[in-house]
Structures are given as C-alpha cells and as structure tokens.
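A short write-up of the structure that comes next.
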Amino acid sequence: MAGLPVDSLLAALHSRVSFVGLEEGFVLLRAGGAQESGMTRVNERWRHDWAEPFGSLLVFGKEDMLAYYYATVPRLADARGWQPVVKLDMHEAPYALPLASNIDSFLDTYSRYLEALVEEPEYEELGSAALAFPWQVPEIFARDQQLVQMLRDARFDFLLPGDDETRAWISQVLAASVRR
C-alpha cells in the first residue's frame, strides 16, 4: 500500500472487517475504495505530506476529529512480517509513541485500556478523559514483552521526541515490566 508492505495481521483484520469506530475516538481506516478516509488514500497523501521518518510509516487508524494517528512501522517488522504499532502526534512537532509490538498486541492493549477506562469512577461524567490513553496506563503496555524489549533496545528512538514526558512514560512502562 502506497509502496510499503502491509502488516499481515493488519491485512487479516481488514479481510474480516473494513471499518471499526469506537465511541472513545479510535477509528480503523477503511481498507479499500477511493473514499477520502480510505487507508490507501490517506497513505498516499501521507507519503506526499510528511518527510522521513514519518513518511515511511503505514497509517491504519486515527482518533476522530484529532491529529492523532495510528501506524505500523514497516522498517521494524519481525521475521513474520509483523510490524510494531505507534501513535502519531502530528500537532506542533510530530512524533511517534510506541504502543505495541504488533497489531494483535495493540488491539489487546487497547481493549484492556477500555476495560480500565469504564471502571474509572469518573467515567460516567468525563468519558475518555477519565483515563488518558496511553499516558495513564503504562502497566497495560508493560504486558507486551516484545514491545518492552524493543524499548530497551532503543529501536524506536528515531521516531521519539527528546521531551521529558515521553521518556518518563517509557521509563514507567519499563519499570512496570520489571514488576510483572
């Protein structure tokens, strides 16, 4: 797609469903068709609009009405062709935050986040603001041991900003993995 290899897990997901939209904001972009929100079109524009290293990511989802996107990282694919997942913040200074070692782990992590979110006492009043994804749930991300190893090996550093908030979050994920 748009000159990049598609993760086999993502392709399998799209063969079963073409679109997913969750009330809390996550939208899986449609696989086919020429519609404006289709994955093919979004990725064609993405290659045109963004320089490296962001131009070589494969966007597959976004947060509704916000400049947050979800993408796989083809250059970090494992031997099976499974690609890690990052959350892209395309506001002022673009950066990517590592979320999962592959699509399956991402969906597992996101579902665990949603379970934790609805258990929050303020959920009825605040909705998704009651528990910020991913910032307030590093222990959920620590369950993905392959992601943890990739973080330890600094495999995502080419996508990360130098800010303290991101580095602190990664440290929290690594610390939570040790406690497991």
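The loop-placed trypsin sites (Lys or Arg not before Pro) in segment 54-96, going by DSSP, that have at most 16 neighbouring Cβ atoms within 10 Å of their Cβ come out as R80.
Could you tell me the calculated FRET efficiency between D78 and E124, based on Cβ-Cβ distance and R0 = 35 angstrom, to the nearest 0.05? Once rounded, the FRET efficiency stands at 0.30. With a Förster radius of 22 Å applied to the C-beta separation of R152 and D108, the computed FRET efficiency comes to 0.60. If you plug the beta carbon distance of R167 and E44 into 1/(1 + (r/R0)^6) with R0 = 35 Å, you get a FRET efficiency near 0.60.
Placing a label point 7 Å from the Cα of A132 along the Cα-to-Cβ direction, the residues of segment 49-69 whose backbone N falls under 17 Å from that point are 63, 66-69. In loop segments of segment 67-155 as defined by DSSP, the GluC sites (Glu not before Pro) with at most 15 further C-beta atoms inside 10 Å of their C-beta are E92, E122.
Laboratory data are not the source of any read-out in this text; all were calculated from the coordinates shown. On a predicted model such as this, the values are computed, not experimentally measured, just so you know. Cβ coordinates were reconstructed from backbone atoms using ideal geometry, including for glycine residues, and neighbour counts include every protein chain displayed.
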